[in-house]
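Enquirer: Input: one structure, supplied below.
The values are calculated or read from the model by the stated rules, or taken from the named source; none is laboratory data. Note that the coordinates shown come from a computational prediction; the quantities given were computed from them, not determined experimentally. Every residue, glycine among them, receives a Cβ derived from its backbone with ideal geometry; neighbour counts consider all protein chains shown. These area figures cover heavy atoms from the full protein model, side chains too; ligands, DNA and RNA do not enter into them. Shrake-Rupley method; radii C 1.70, N 1.55, O 1.52, S 1.80 Å.
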Amino acid sequence: MMLAIFYIILFYLGGALNILFSVLAWRLKNQVFFILTCVLTGLLLIYMGVNFIEIMDAARFTPVFFFLNLLFIGLPVFFVIKYFQDQKKVGQASDGLDGAYQGGEVTEEYLDEVINSPDEEIDFSEGVDLR
């Protein structure tokens with residue numbers, strides 16, 4: 001009985017950490033948090049597979065806990081998908097000076113291009129109505 005309570009506490013703690021790591025993987029674009037999310041999601045799926053009968057009983061008698069169990073799997077999967085979608089956006093080719101790629105380090109080539117670009121002639125009176 002004590003071991004079962006320990007597993008349940010471990011399940012809810014693992015589920016909360018799984019959600020936390022998945023959000024951090026998505027926001028920080030960190031591969032370590034992504035791997036931790038995948039490992040925890042796998043462990044939670046194994047736990048849910050082993051205790052399938054108890055989870056179905058929870059669905060029948062206490063739907064709130066059943067949906068909480070689904071949330072421990074659903075939210076991390078959602079954020080992992082968002083992580084991959086954002087990785088594709090970052091990996092796109094740049095179509096200009098300030099193209100699709102908006103991150104990374106400033107290179108000497110970029111700074112030289114900005115410094116050596118031709119000066120713009122600005123007419124401040126153009127388009128201004130001074131009535």
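Enquirer: Using θ = phi - 60° and the Karplus curve 6.51 cos²θ - 1.76 cosθ + 1.60, what whole-Hz ³J(HN,Hα) does each residue of segment 118-125 get, with Gly and Pro shown as x?
Expert: Listing the rounded values in order: x, 5, 9, 8, 10, 9, 6, 8 Hz.
Enquirer: What is the sum of charges, Lys and Arg at +1 and Asp and Glu at -1, for the other residues whose Cβ falls under 12 Å from the Cβ of F34?
Expert: +2
Enquirer: Hey, what do the phi angles of segment 67-84 turn into as Karplus ³J(HN,Hα) couplings, whole Hz, using 6.51/-1.76/1.60 and θ = phi - 60°, x for Gly and Pro?
Expert: Calculated HN-Hα couplings, in order: 5, 5, 5, 5, 5, 5, 9, x, 5, x, 5, 4, 6, 5, 5, 5, 4, 5 Hz.
Enquirer: For segment 1-72, which semi-axes, largest first and in whole Å, follow from the square roots of 5 times the eigenvalues of its Cα gyration tensor?
Expert: Taking √(5λ) for each Cα gyration eigenvalue gives 25, 13, 10 Å.
Enquirer: Heavy-atom accessible area of I9 with all protein chains present, probe 1.4 Å, nearest 10 Å²?
Expert: Counting only protein heavy atoms, I9 exposes about 110 Å² to solvent.
Enquirer: Could you check the spin-label model distance between V50 and Q31? Points 7 Å from the Cα along Cα→Cβ, value in nm.
Expert: Those two pseudo-labels are separated by 3.1 nm.
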